[in-house]
Each structure stands twice: as C-alpha cells, then as structure tokens.
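What follows is a single structure, written as structure tokens, with notes after it.
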Amino acid sequence: MADKVKSPRIFYRSPMNLSTKKLSFVIIAAAVALAGCSKKPKRPDPSRTVIGPDGGGLSGSDIGLGGGVGTDLAPGTALDGRGANDLANGDRTALAGETVYFDFDQSGIKASERSKLDAAKAYLEANPTARLLLEGHCDWKGTAEYNLGLGDRRANAAKQYLTTSGVAADKLEVLSKGDLDAVENSDEATAAKDRRVDLVVLKP
C-alpha cells in the first residue's frame, strides 16, 4: 500500500506594520500607568503633636480633620453647641497680650509661646469663677474647610496644654474661626498674626 502523502499545512500571518505595534504598546503602557496612579491631596494633612516635638501629646489624627473634636460643627459653633455670639461676649482685653501664635500650617505649641498659656492658667487660678474661650484662627491661604480644621487643632492644642498643666477641662471652651477673620492676600507679616489662638475670658 502506498503511503499517503500529507498535504503541507499553511500558516497565515496577519500583516502588522511596525508603526501599529508601537501605537499598541504606547496605549497599553499609558493605561497601566493611569491605573496605578492615585490623586495627590490638594493640601497636606499635618500629623504633628498638638503640644510640639518636645512636649508630647496627641497626634493630629487624634483631634484634627480625622474625626476630631469640633470638625463636624458648623463655623462659629462651640463644643457645647452654643453659638459664637454667646461665647464671644467675653473679655478680650484681660489676656490680649497672651495671644498664642503658630508657624505656617502648624498646630504645635512652640516653646516660645507656652509662657502665654502659663499666664492664662495663673489668671484662671486667681479668678476661680472665670472660664476661657480658646479661639483658633488661620491665615488666608488654603480652603475654608481645611482652615476650620487647622483652627480647631490649634485651639485644641492650647486646651490640651492647659489641661495637662492642671486646668479643669470644664473651664475651657474651644472654637475654630478658621480664616474668617484673616486678611486676604496679605503679606507674610500680617498672615503670621492671623495664625493664632485668642484667649477670651468668659463671664460667669
């Protein structure tokens, strides 16, 4: 019996020029790159200690924008729910010289500012019926929402310093005004004065 002759297999290769291959590679590479990228935040979320690097204390994630005290309240609202008008009728002159200032985008109490809070403690000890409103402020830079959170962290930093030094927590109120009172488009010297916590003595 004669061997059967197998017919040769014919393979067909689809023509693809070099430029089409390059284009396909570029599209795939771009898709992979975009899938792996995440959006960068518009502003940093500072995780500093509320008292400062050599003073210990809570981290920014404990009391700031990450679910901290006062961040879910409307602007001008205090921790106990009273409006800013009720709290701001206090004495702004008694401790006017003890305003606590902060570095840009910082909420830690600087060593040079701690004596002002010590003076506030001494005032409260000498005036047992007085209470204190810690009013946090920011400069004009940044969004209103971010600045409300930063003002809250600054005010709470002052509160923690005072409570750690022995002041009863029920003697202190915290309020963030964010950049509400800031001078818009101000120079650095003016902006530095807007980064502060005002100490307002509340009437009994």
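The values are calculated or read from the model by the stated rules, or taken from the named source; none is laboratory data. Predicted model only: the values in this text are computed from it and were never measured. Neighbour counts are summed over all protein chains in view; Cβ atoms, including those assigned to glycine, are modelled from backbone coordinates with ideal geometry.
Brief remarks follow.
- Tallying residues that are hydroxyl-bearing (Ser, Thr, Tyr), surrounded by fewer than 24 Cβ atoms within 10 Å (Cβ to Cβ) and under 29 Å from Ala191 (Cα atoms) within the range 118-173 yields 4.
- Here Glu173 clears all of (1) among the acidic types (Asp, Glu); (2) farther than 16 Å from Gly90 by Cα; (3) modelled with pLDDT of 95 or more except the condition numbered (2).
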